[in-house]
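The structure under discussion appears below in the form of structure tokens.
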Amino acid sequence: MRIRTDGDYSHREDVIDAAAERLDVNKTRAVLLSADAVGSLLDELEDALAHEEIPPKVAREIAEQVETRKWSLEYDPHEFRFEQK
């Protein structure tokens with residue numbers, strides 16, 4: 001598989017480099033680990049933020065902190081939805 005990083009896709013290189021650095025692995029491994037983890041991490045994050053002991057204001061603030069330039073978590077009382085931007 002090839003990932004385009006030219007022109008309009010140049011930001012992808014930065015994202016992959018950041019993941020590789022954060023995970024302390026090479027770029028290929030970073031892509032694989034990230035793809036493997038993202039689904040379960042988002043599910044767990046949504047469940048944690050919807051926990052009844054977390055005030056909605058705090059949950060909303062955390063959701064805003066973890067959003068990226070490509071996705072966000074949209075908040076409804078005690079329910080979060082993953083949305084692409």
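The values are calculated or read from the model by the stated rules, or taken from the named source; none is laboratory data. Since we're looking at a predicted model, the values are computed, not measured. Every residue, glycine as well, gets a Cβ built from its backbone with ideal geometry; the counts of neighbours run over all protein chains shown. Surface accessibility is based on the protein's heavy atoms, side chains included, excluding ligands, DNA and RNA. Shrake-Rupley method; radii C 1.70, N 1.55, O 1.52, S 1.80 Å.
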Requested in this report: Determine, yes or no, whether residue 68 is among the β-branched types (Val, Ile, Thr), modelled with pLDDT of 90 or more and closer than 29 Å to residue 1 by Cα.
Outcome: no
Query - Selection from segment 61-71 of residues that are open to solvent by 100 Å² or more (accessible area, probe 1.4 Å), in a helix (DSSP H, G or I) and touching a strand residue (DSSP E or B) at 6+ places or on another chain (Cβ under 9 Å) - result: 64
Requested in this report: Hey, could you check segment 1-33 for residues that are of a type in the set (Lys, Arg) and open to solvent by less than 100 Å² (accessible area, probe 1.4 Å) and say which is modelled with the lowest pLDDT?
Outcome: 12
**Report entry** Candidate set from segment 39-60 (those that are among the charged types (D, E, K, R) and assigned to a helix (DSSP H, G or I)); member that is least open to solvent (accessible area, probe 1.4 Å)
**Finding:** 46
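Taking residue 36, is it modelled with pLDDT of 85 or more and either open to solvent by 50 Å² or more (accessible area, probe 1.4 Å) or farther than 24 Å from residue 22 by Cα (or both)?
Details: modelled with pLDDT of 85 or more: yes; either open to solvent by 50 Å² or more (accessible area, probe 1.4 Å) or farther than 24 Å from residue 22 by Cα (or both): yes.
Judged against the criteria, residue 36 is a match.
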Query raised in the report: Only one residue in 42, 49, 73, 33 is aliphatic (A, V, I, L, M) and in contact with an Asp or Glu (Cβ under 8 Å, 6 or more places away or on another chain). Which one?
Result: 73
